Amino acid sequence: MWNRVEETVKYLKGKGIKDVDFGIVLGSGLGNLTSKIECLVKIPYDEIPNFPVSTVEGHSGELYYGKLGGKLVLAMKGRFHYYEGWSIQETVFPIRVMKLLGIDQLIVSNASGGVEADFKVGDIMIISDHINMIPEHPLRGKNDERFGPRFVDMHEPYSLKMIAKAEEVAASLDIPLKKGIYLALQGPTFETPAEYKMVKLMGANAVGMSTVPEVIVAKHMGMDCFGISVITDLGVEGQIEAVSHEEVQKVAKIAEKVVGKLVEGFVKVY
Ligand code: HPA
């Protein structure tokens, strides 16, 4: 893995990607946040050595390097999900690459189903913590100490400093925020009513199919993480309606502008 990551890093450095302040992973329906980036380099995933190529509609697969809020960012438009069939190590490969490019701060975003009665479709939830229920762990197997330690501290998976700054920025921009715990299931089915109930009983506020593996390996490598989840549907008893990928994307698209403002405002001052 180390050699493959190094090879990819060498390729990206050759394209002029360096001195990056923030890595950004854009989730379902949030890919057009890249339009806010003053783009210096854009590379389709299929041109990047060792990069998996994403297959889901709405996750087109391009790496954007450029300026956002006066900072240098490297943004992934399209991520790799475990349910697509990638090994869990493949899904987190780009995060390994980000770290070896010198990135220490990661911003992750996703769409999720909210399980709280006071959540509304379209709400933006800051991720305060997560529960990993994806059946394969990205750190299982022989540990490569060059990436990080065998046993990883997870007492602050999402940086409290980043959360506090984002809340400050959101307040100044009049952006209402929810805050909560994100639980990752493997998907690709959306949850049954009983499963949404389980998610709530387990102590989470929203459920999705991504993000957690990326944050785990980011923490393995000592990165600070900040997560934003757009609540695209509700798994609240008595209010559960049919949900589709199209609906998820439609809601995320609507929230995208606000998420973009928040991310831009955040990176500017952090
Ligand atoms: N469940 C799982 N993943 C999701 C959901 C959901 O309700 N909404 C968006 N992604």
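The table below lists the values:
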quantity: Sole residue being over 21 Å from CYS225 (Cβ atoms), of a type in the set (Val, Ile, Thr) and touching a residue at least 40 places away in the same chain (Cβ under 8 Å), chosen from ILE88, ILE24, ILE95, ILE48; calculated: ILE48
quantity: Subset of the range 79-124 (residues that are more than 15 Å from the ligand (Cβ to nearest atom) and part of a loop (DSSP other than H, G, I, E, B)); calculated: PHE80, GLY85, TRP86, SER87, VAL92, LEU101, GLY102, ILE103, ASP104, ALA117, ASP118
quantity: Any hit, the range 158-166, residues being closer than 16 Å to LEU33 by Cβ and assigned to a loop (DSSP other than H, G, I, E, B); calculated: no
quantity: Listing of helices (runs of 4 or more DSSP H) fully contained in the range 174-270 that carry 2 or more residues being farther than 19 Å from ILE124 by Cα and open to solvent by less than 10 Å² (accessible area, probe 1.4 Å); calculated: 212-220
quantity: Complete set of residues in the range 188-214 that are among the charged types (D, E, K, R), farther than 23 Å from MET154 by Cα and more than 12 Å from the ligand (Cβ to nearest atom); calculated: LYS197
quantity: Scan of the range 27-42 for residues that are farther than 24 Å from PRO138 by Cα and either touching a residue at least 60 places away in the same chain (Cβ under 8 Å) or open to solvent by 70 Å² or more (accessible area, probe 1.4 Å) (or both), ordered by number; calculated: GLY29, LEU30, ASN32, LEU33, SER35, LYS36, GLU38, LEU40, LYS42
quantity: Some residue of the range 133-144 being in contact with an Asp or Glu (Cβ under 9 Å, 6 or more places away or on another chain) and surrounded by 18 or more Cβ atoms within 10 Å (Cβ to Cβ); calculated: yes
quantity: Pick from the range 229-243, criterion charged (D, E, K, R) and either farther than 26 Å from LEU262 by Cα or without any contact (Cβ under 8 Å) to a residue 12 or more places away in the chain (or both), ranking: nearest to the ligand (Cβ to nearest atom); calculated: GLU241
quantity: Matching entry among MET162, MET209 (being within 22 Å of LEU72 (Cα to Cα) and in contact (Cβ under 8 Å) with a residue 24 or more places away in the chain); calculated: MET162
quantity: Subset of the range 83-132 that is basic (Lys, Arg) and farther than 30 Å from PRO193 by Cα - its residue that is least open to solvent (accessible area, probe 1.4 Å); calculated: ARG96
quantity: Checking ALA166 against (1) crowded, with 16+ Cβ neighbours inside 10 Å; (2) within 10 Å of the ligand (Cβ to nearest atom), the condition it does not meet; calculated: (2)
quantity: Residue match in the range 66-77 (condition: out of contact with any helix residue (DSSP H, G or I) (no Cβ under 7 Å at 6 or more places or on another chain) and surrounded by 24 or more Cβ atoms within 10 Å (Cβ to Cβ)); calculated: no
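The values are calculated or read from the model by the stated rules, or taken from the named source; none is laboratory data. All values reported here derive from a predicted model rather than from experimental measurement. All Cβ positions, glycine included, derive from the backbone under ideal geometry; neighbour counts span all protein chains shown. Areas reflect the complete protein model, heavy atoms only, side chains present, ligands, DNA and RNA absent. Shrake-Rupley method; radii C 1.70, N 1.55, O 1.52, S 1.80 Å.
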